[in-house]
1. Taking the options Thr111, Thr165, name whichever one is in a strand (DSSP E or B) and surrounded by 15 or more Cβ atoms within 10 Å (Cβ to Cβ).
2. List every residue pair whose Cβ atoms sit under 6 Å apart, with the two residues 6 or more apart in sequence or on different chains, where the first one lies in segment 224-249 and is over 29 Å from Met330 (Cα atoms) and the second, anywhere, is part of a helix (DSSP H, G or I) and β-branched (Val, Ile, Thr).
3. For Ser101, state whether it is under 25 Å from Pro169 (Cα atoms) and either open to solvent by less than 60 Å² (accessible area, probe 1.4 Å) or modelled with pLDDT of 95 or more (or both).
4. Which of the residues spanning segment 281-338 are of a type in the set (A, V, I, L, M), under 19 Å from Arg239 (Cα atoms) and not in a helix (DSSP H, G or I)?
5. Counting only residues that are in a helix (DSSP H, G or I) and away from the ligand (no atom under 11 Å from the Cβ), how many does segment 5-30 have?
6. Regarding Asn85, is this residue open to solvent by 60 Å² or more (accessible area, probe 1.4 Å), within 25 Å of Ala117 (Cα to Cα) and of a type in the set (S, T, N, Q)?
7. Specify which of the listed residues (Val33, Val61, Val50) is crowded, with 19+ Cβ neighbours inside 10 Å, touching a residue at least 60 places away in the same chain (Cβ under 8 Å), within 16 Å of the ligand (Cβ to nearest atom) and not acidic (Asp, Glu).
8. When the residues of segment 36-47 are narrowed to those that are of a type in the set (A, V, I, L, M) and surrounded by fewer than 17 Cβ atoms within 10 Å (Cβ to Cβ), which ends up farthest from the ligand (Cβ to nearest atom)?
Amino acid sequence: MVDARSLPGSLLFEGTRGIGKQRLALWLAQLLVCESDERPCGVCLACRSVLELRHPDVFWVYPRPRLSDANATSEDVIADLAEANAERLAKRGLYARPSGSDAIFLATTLTIVGKAAMSPAMGHRKVFIVGDAERMVAQEGSDQAANAFLKLLEEPPPDTTILLTSSEPGALLPTIRSRVISIRCAPLADADVLAFVREPNVKAVLDSLNLPRADADRVALARCAPGDLLSAAALSVARSAAVSLLRASATRGAERYAAALAHGSSGARGAFSDTLAELNVLLRERAESSLAAGDTAGAYAAAKAVIAVTEAQARADGNVSPQLTAAALMNALQNVPA
Ligand SMILES: [Zn+2]
């Protein structure tokens, strides 16, 4: 379609989480801005800039924690994404799924609309990639911004391509869905996943995570979606953090607060949200097992703790310190059966 100049202006890549839809979108972006005849060549300045996530005309957005400044500007959005991109680059382009509270907020949508109105800075074409597009949030009083984005999707400028990706296309706003051409991406064959986990850069990152050592076990765990390997590792980290919070709550004094302080003051909010989500799962399990064992007091304590954790989850979506929230939770957790 690119060669025939018939590529639609707005596309949606949909398919199972973790199969590489955003990677595919980045590859297509590279192809669209490549300066060689054999596209994407991978070696021209444009190609290298895309691969290093610093091409001025390729703008990749994805769910992020809400910025602390309620009046965040495009500069704030761009600085936040630059920081997140640097983290992704440091992990060689591998990243876990965004945490539950991360989203694509209004300031980010406005940034896309603003950038789309400008001329390309380096080449002839601009590409916008919106990963996990179902996490674009409609906000009160933002009708004008939402309409500007819909208009952009419906009729992108001739020099602009917009690529959305979603693993939950049913959750996309219908107004968005009706304006894009959808392309289904299939899960990967095991042979492809095996090649992926054996790739030296990928292997180096996977080896640093809490994952099975054997390639075959990693392929089985990935279940045709290698990106989920990183989420599985993140989940097991969150699970052990939740278990240690619960254990520490049964102790007194220093040990208890050391466990709370381990949660960092800021910048770790995504991981903390994951820990709270796991803590909730853990508490529900405790409530059920206590009931089954006839320990009604234990079940009651666990159920009450679920309420406290759910409230903490709501606070964690705002700009609170994970340390303080964890310390405050300790009292609510202390009577839960270990
Ligand atoms: Zn190139």
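1. Matching residue, one of Thr111, Thr165: Thr165.
2. Pro226/Val193
3. Values: under 25 Å from Pro169 (Cα atoms): yes; either open to solvent by less than 60 Å² (accessible area, probe 1.4 Å) or modelled with pLDDT of 95 or more (or both): yes.
Yes, satisfied.
4. Of everything in segment 281-338, those that are of a type in the set (A, V, I, L, M), under 19 Å from Arg239 (Cα atoms) and not in a helix (DSSP H, G or I) turn out to be Val336, Ala338.
5. Applying the first criterion (in a helix (DSSP H, G or I)) to segment 5-30 yields 21-30.
From what's left, away from the ligand (no atom under 11 Å from the Cβ): 21-29.
Total satisfying the criteria: 9.
6. Here the answer is no, as Asn85 does not meet what is asked.
7. So the residue among Val33, Val61, Val50 that is crowded, with 19+ Cβ neighbours inside 10 Å, touching a residue at least 60 places away in the same chain (Cβ under 8 Å), within 16 Å of the ligand (Cβ to nearest atom) and not acidic (Asp, Glu) is Val33.
8. Leu45
The values are calculated or read from the model by the stated rules, or taken from the named source; none is laboratory data. Keep in mind that what you see is a predicted model, and the values were worked out from it rather than measured. Here the Cβ is made from the backbone with ideal geometry for all residues, glycine too, and neighbour counts use every protein chain on show. Note: accessible area is taken over every heavy atom of the protein model, side chains too, but ligands, DNA and RNA are not part of it. Shrake-Rupley method; radii C 1.70, N 1.55, O 1.52, S 1.80 Å.
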